[in-house]
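Please read the structure below before turning to the comments.
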Amino acid sequence: MKPLTRGASLVVVLLLTSAGTASAQAQQATTGLAFHQAVTGSTGLVDPSRFERLERPDQGTEVYVSRTAALVIKPEEITSVVITREPVYADTASVTESIRRQQGWPGQQQPIRIVDYYYKTTIHVGLRAAERLHKFTAGNVGQRVDLRFNGTRLAVPMIHEPIASGQIPIGLSGWTHAQIEQVFAVLKPRMTWQTGER
């Protein structure tokens, strides 16, 4: 059974699957947080002048990413970046028990089995950027996006619902503290680690 994360079942509005820290080499790097549209399909159906094939050995489907960002949030529009350390649960019962305890719901305590941890970053954006983000996500529910910061791929999530809060949660499974510091170096004065590490 695949380990579960609590964030996948709570208020995290994007189901974010890590695509590693591979840089988007074939595309011109955009400064800021860029949302590139991603589509699935066969090579013959996707225009190579507009899309590039995303190498994802962990996935069974081919994903093609737009060479041009559909939405860009500039670094100066990002108000803060909060990094937390989140558990990966061994099973659904552990996720349910974790939620029950956090919500203060009654019931007999059950064991919570944690198999690993991952970093999650929540990017907070200003009002104007939040309005653009909400409009973009509302118009793309059910679609995948290739999410990058300064050209580095963060994740290839599916948009499950519009983001109205101006807060973008991103799971960085497999990333190290040093990798996160390096990728978000230009935002260091606005970065907060809530992991007990710094």
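Every number in this text was worked out from the coordinates using simple rules, so none of it is lab data. No experiment lies behind these values; they were computed from the predicted model shown. Glycine gets a Cβ as well: all are built from the backbone with ideal geometry, and neighbour counts include every protein chain shown.
At-a-glance table
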quantity	calculated
Square roots of five times the Cα gyration tensor eigenvalues for the stretch 52-139, Å	34, 22, 13
Stretchable slack from Gln179 to Arg67, in nm (0.36 nm times residue separation minus alpha-carbon distance)	37.9 nm
In Hz, Karplus ³J(HN,Hα) per residue of the stretch 99-114 (6.51, -1.76, 1.60; θ = phi - 60°; x = Gly, Pro)	4, 4, 5, 5, 7, x, 6, x, x, 6, 5, 10, x, 10, 9, 10
Distance between modelled label sites at Gln110 and Glu76, nm, 7 Å Cα→Cβ extension	5.2
Relative contact order of the stretch 42-198, defined on C-alpha pairs under 8 angstrom at six or more residues apart (%)	24
Value of Rg/Rh across the stretch 48-198 [Cα atoms, Kirkwood radius]	1.00
Residue exposure sequence - Lys135, Lys188 - by fewest surrounding Cβ within 10 Å	Lys188, Lys135
Order of Asp47, Asp146, Asp116 - criterion: other Cβ atoms within 10 Å of each residue's Cβ, fewest first	Asp47, Asp116, Asp146
Alpha-carbon Debye profile of the stretch 120-198, log10 I(q)/I(0) at 0.12, 0.19 Å⁻¹	-0.38, -0.92
For Leu154, distant residues with modelled amide H under 5 Å away	Leu147, Arg148, Phe149
For the stretch 80-132, size of Cβ-based charge dipole, Lys and Arg +1, Asp and Glu -1, in debye	180
Segment Gln102-Arg85, length gained on full extension (0.36 nm per residue, minus Cα span)	4.5 nm
